Structure formats: structure tokens, C-alpha cells
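S.K.: Quick one: structure below, then a few questions.
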Amino acid sequence: MWLLKPPGVYAPQEDSHLLVTALERESLPPGAEVLDVGTGTGALAIAAARRGAARVTAVDASVRAVLTTRLNALLAGCRVRALSGDLLEPVAGERFHLVLANPPYVPTPHPGFPRHSLDRAWEAGPDGRAVLDRLCAQVPPLLLPGGVLLLVQSAFSSAPRTIELLTRSGLDADIVDRRLIPFGPVLRARAGWLRERGLLEPGQDKEELVVIRARRP
């Protein structure tokens, strides 16, 4: 789909496309309520609306991303409720049939919160789990019975840990998609640091992305 991609807003990349593929396999019930967490340009939210979701909500910490999502949805002829706030706070007390999440997951050697707004779309602490752990704790209560979480992350940020946490929360979780992609500029720049931490094999120049599907019984 054609989307506005202004500076400072995370544009759809391989992880986004992988999540859209997983979304297309899901059967949405009548009246489906869908949540897109960390929406960026709104690509996943719009894809969910086109799949027939009755109501799509998109959230992002970036006000610029929320405004971009609203405009892209308008241009696409889709109805998307876009809200700004910290992770899931804007939808506290609501419940959904499907939650889509493309959170920050890249391990970083830099302590503290990223200064630049676009960096916040991928920087996720030394183990890459600063946002993933919060999602694993906060998403399960938002799922309706039979509801599904589709989450994309890097193998560098421990997919087994994500599955373990979601399973502890009562969800049936497993990896449903994998894809190897060449390193982009961010990972190329920190390859030495990743190698020092034992996350990168000598000569490795590809990252494995995985989609985790977790269903509430």
C-alpha cells in the first residue's frame, strides 16, 4: 500500500511485512476489535481494517506517528482510531480479538532512553527486551477469550523468553514465521558489540526475525 512516511516516523520494513503476512492468515470474527501497538505509519492498522475488522485502534508514543496514521487511514479510506500514549495506557480497560505488535527489540549498548524520536522505534535496552517484557505482561489481560497476539521480534532479543512469559500468563504461544534478513545500518554499526556479547557468530551478517502467535484459550 502507498503510505505517507514523514521523517521521524518508523516506516514499514521487513518486520512489518512479516507481521502483515501473519495477519492475513488470521480469521477475524464478526465485530472484530483489533489493536495495533506501536503503529508508526499505520500500515498494520490499515491492513487490519482492510481485512474486515469492525474497529481498529492504533497506539504509538509518538504524536507524529499518530497524526501520520490518521492521515494515512483517511487517504486509504479506512476507519482507524489512533491514540497517543505510553504503550497500552491509551486502551486501559478495553479488550480485543487481535493485538498486533512490532515493538522496539534491537539490543543497544547505549544506556538510558534514546534522544531521537525515531531511535525509540528500535532501541530496546542491553538485552532488547525493554518493551517486550512489558508487552508480555500487559497484553494477556487485553485479549478476549480466543483472542490472539501477533508479535514480531529479533532472535537477538530472545524469542524463547517471550514464549516463556506469554505461556506463564496463560496463553498458547509459539513461533509461526521466521525470516533471515541482511543487517541494516543499525546492526552493522553495532556488530562488534553484539559479537562481544555472544549474540553474533563470526561472519554473521543476517538477522533472524520471528513472528510469535499467542492465543488466549
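S.K.: For region 150-159, give me the residue count where each residue is part of a strand (DSSP E or B) and hydrophobic (A, V, I, L, M, F, W, C).
M.R.: Within region 150-159, residues that are part of a strand (DSSP E or B) and hydrophobic (A, V, I, L, M, F, W, C) number 3.
S.K.: Considering only residues of region 158-184 that are in contact (Cβ under 8 Å) with a residue 60 or more places away in the chain and among the hydrophobic types (A, V, I, L, M, F, W, C), which is farthest from Val148 (Cα to Cα)?
M.R.: Looking at the filtered set, the residue picked out is Ile181.
S.K.: Oh, and also: Restricting attention to region 71-81, which residues are under 18 Å from the mean Cα position of the chain (by Cα) and within 16 Å of Met1 (Cβ to Cβ)?
M.R.: Residue satisfying the conditions is Val80 alone.
S.K.: Sticking with this structure for a sec: Across region 84-113, which residue is nearest to Pro185 (Cα to Cα) among those that are among the small types (Gly, Ala, Ser) and in contact with a strand residue (DSSP E or B) (Cβ under 7 Å, 6 or more places away or on another chain)?
M.R.: Only one residue tops the list, namely Ala101.
S.K.: When you scan region 160-217, how many residues do you find that are part of a strand (DSSP E or B) and not charged (D, E, K, R)?
M.R.: Of the residues in that region, 11 qualify.
S.K.: Take the residues of region 136-155 that are farther than 13 Å from Val99 by Cβ and touching an Asp or Glu at 6+ places or on another chain (Cβ under 7 Å): which is surrounded by the fewest Cβ atoms within 10 Å (Cβ to Cβ)?
M.R.: Ala155
S.K.: Name the single residue, out of those in region 45-66 being touching a Pro at 6+ places or on another chain (Cβ under 8 Å) and of a type in the set (A, V, I, L, M, F, W, C), that is modelled with the lowest pLDDT.
M.R.: My answer is Ala54.
S.K.: Within region 78-89, which residues are surrounded by fewer than 20 Cβ atoms within 10 Å (Cβ to Cβ) and either at pLDDT below 95 or not polar (S, T, N, Q) (or both)?
M.R.: Cys78, Arg79, Arg81, Leu83, Gly85, Asp86, Leu87, Glu89
For (1) closer than 29 Å to Glu33 by Cα; (2) not basic (Lys, Arg), each residue gets a yes or a no:
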residue	(1), (2)
Val152	yes, yes
Phe156	no, yes
Arg168	yes, no
Leu187	no, yes
Asp205	no, yes
Val210	yes, yes
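S.K.: Also, I was wondering about something else. Tell me, which residue of region 188-217 that is among the aliphatic types (A, V, I, L, M) and under 18 Å from the mean Cα position of the chain (by Cα) is farthest from Val139 (Cα to Cα)?
M.R.: That would be Leu209.
S.K.: Output the residues belonging to region 125-149 that are closer than 12 Å to Arg216 by Cα and either part of a strand (DSSP E or B) or polar (S, T, N, Q) (or both).
M.R.: Leu143, Leu144, Pro145, Gly146, Gly147, Val148, Leu149
S.K.: Would it be correct to say that Arg120 is of a type outside the set (A, V, I, L, M, F, W, C) and modelled with pLDDT under 95?
M.R.: yes
S.K.: Moving on. Say we look at region 191-204 and pick out the residues that are surrounded by 12 or more Cβ atoms within 10 Å (Cβ to Cβ) and among the charged types (D, E, K, R); which of these is farthest from Pro109 (Cα to Cα)?
M.R.: Arg195
The values are calculated or read from the model by the stated rules, or taken from the named source; none is laboratory data. Source: prediction; values computed, not measured. Backbone-built Cβ (ideal geometry, glycine too); neighbour counts: all protein chains shown.
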